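Data block below; observations after.
Where a number appears in this text, it was derived from the coordinates with a stated rule and is not lab data. Because the structure is predicted, anything quoted here is derived from the model rather than measured. Here the Cβ positions follow ideal geometry from the backbone for every residue, glycine too, while neighbour counts run over all protein chains shown.
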Amino acid sequence: MSATPLQDRRAALAREAILDALVAHLEAGDIDTVGMEDLAREAGVSRRTLYRYFPTRGDLIAAAGDWVRGHVFNIEPGIGDGGIAASFRAGTERMRGRPKLARALLATESGRAVRGSFRSARADAIRRDVRAKAPGLPRRDAERAAAILTCLCSLNAFVSLQEESGLSPEQAEEAILWALDVIQAEAQRDSRKRTTR
């Protein structure tokens, strides 16, 4: 068993400090106006160190997407054994713990960019799940079902339902879970009908 070299541990700590500073600005809602030099100072690293790990703001935002998903919210883009509804429930549970950050991921340009890579991975996972659980559905119907399920399983739907309908986070979650169940049951029923003809 080899020890991690000190230089590697320092690099990991520096990257973590930079990403923590970025997430703090995301949560504060001012990420789109904060400069790279400010982030470096707040992270306790030099500007040179920040640029060594993140040569551009785009590189930093891309890394932040993985960081927020994996370290802050601990959400996997895959569906898992529990299915789409269980995956959505786990995600909303974590989002409720950081509501300012969840809203900033929707309201800021950088926040939307941070969510970008996760959204496409999540959409692909939902498409695969629909095809696996409703194999008899025509491709067009499977794509439509997957698109609606993806939309419902989003942070955007979760927050919008609260704002547009006045529901509490718990009520919004339950409403979306109900809709997920209805759509999946209908897709599976239609798939069985088509395969038994």
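Can you give the extra length, in nm with one decimal, that the chain gains between ALA24 and ALA12 once fully stretched, where that is 0.36 nm per residue apart less the Cα-Cα distance?
On the way: separation 12, 0.36 × 12 = 4.32 nm, distance 1.82 nm.
This chain segment gains 2.5 nm when fully extended.
If R0 is 22 Å, what FRET efficiency do you get for GLU174 and ARG128 from their C-beta distance, rounded to 0.05?
On the way: r = 26 Å, r/R0 = 1.17.
With R0 = 22 Å, the Cβ-Cβ based efficiency is 0.30.
Go ahead and run the numbers for FRET between THR33 and ARG112, Cβ-Cβ distance against an R0 of 22 Å, rounding to 0.05. Intermediate results must be reported in sequence, preceding the final value.
Values: r = 15 Å, r/R0 = 0.70.
Computed FRET efficiency for THR33 and ARG112 comes out at 0.90.
What percent does the relative contact order of region 25-128 come to when contacts are Cα pairs within less than 8 Å and at least six residues apart? Write out the running numbers ahead of the final one.
Values: 82 pairs, mean separation 41.7, N = 104.
Across region 25-128, relative contact order equals 40 percent.
Label points 7 Å out from Cα along the Cβ direction at ARG41 and LYS193: separation in nm?
Output for this residue pair reads 6.4 nm.
Relative contact order for region 80-197: what percent, with Cα pairs under 8 Å and sequence separation of 6 or more?
Working: 85 pairs, mean separation 37.7, N = 118.
Relative contact order, region 80-197: 32 percent.
Is there a quick way to get the dipole size of region 55-111? I mean about its Cα centre, with the Cβ of Lys and Arg at +1 and of Asp and Glu at -1; what is the value in debye to the nearest 20?
Details: 8 positive and 6 negative charges, 67 e Å.
The dipole magnitude comes to about 320 debye.
Would you please give the FRET efficiency between ASP181 and ARG144, computed as 1/(1 + (r/R0)^6) with r the Cβ-Cβ distance and R0 = 25 Å, to the nearest 0.05? Before the final figure, lay out the partial values.
Values: r = 17 Å, r/R0 = 0.69.
That pair, ASP181 with ARG144, gives E of 0.90.
If you average the sequence gap of Cα pairs under 8 Å that are 6 or more apart and divide by the length of region 6-64, what percent do you get for the contact order?
Numbers: 36 pairs, mean separation 22.5, N = 59.
Over region 6-64, the number comes to 38 percent.
Take the eigenvalues of the Cα gyration tensor for the chain, scale each by 5, and report the square roots as semi-axes in whole Å, largest first. All intermediate terms of the calculation are to be shown ahead of the outcome.
Details: eigenvalues 283, 77, 37 Å².
For the chain, the semi-axes come out at 38, 20, 14 Å.
Near CYS151, within a Cβ-to-Cβ distance under 12 Å, what is the net charge of the other residues, with Lys and Arg +1 and Asp and Glu -1?
Values: positive: ARG119, ARG122, ARG144; negative: none.
Result for the local shell: +3.
Just rank LYS133, LYS193, fewest to most, by other beta-carbon atoms within 10 angstrom.
Values: LYS133 17, LYS193 11.
By the 10 Å Cβ count, ascending: LYS193, LYS133.
Projecting each Cα onto the charge dipole of region 6-64 (Lys/Arg +1, Asp/Glu -1 at the beta carbon, about the Cα centre), which of LEU26, LEU39, LEU6 comes out farthest on the positive side?
Farthest towards the positive pole: LEU6.
For region 38-182, with the dipole built from +1 on Lys and Arg beta-carbon atoms and -1 on Asp and Glu ones, taken about the Cα centre, which of CYS151, GLN171, LEU60 lies farthest toward the positive end?
The Cα lying farthest towards the positive end belongs to LEU60.
Along Cα→Cβ, 7 Å out, is where each label goes; now give me the distance between the ones at GLU93 and TYR51 in nm to one decimal.
4.4
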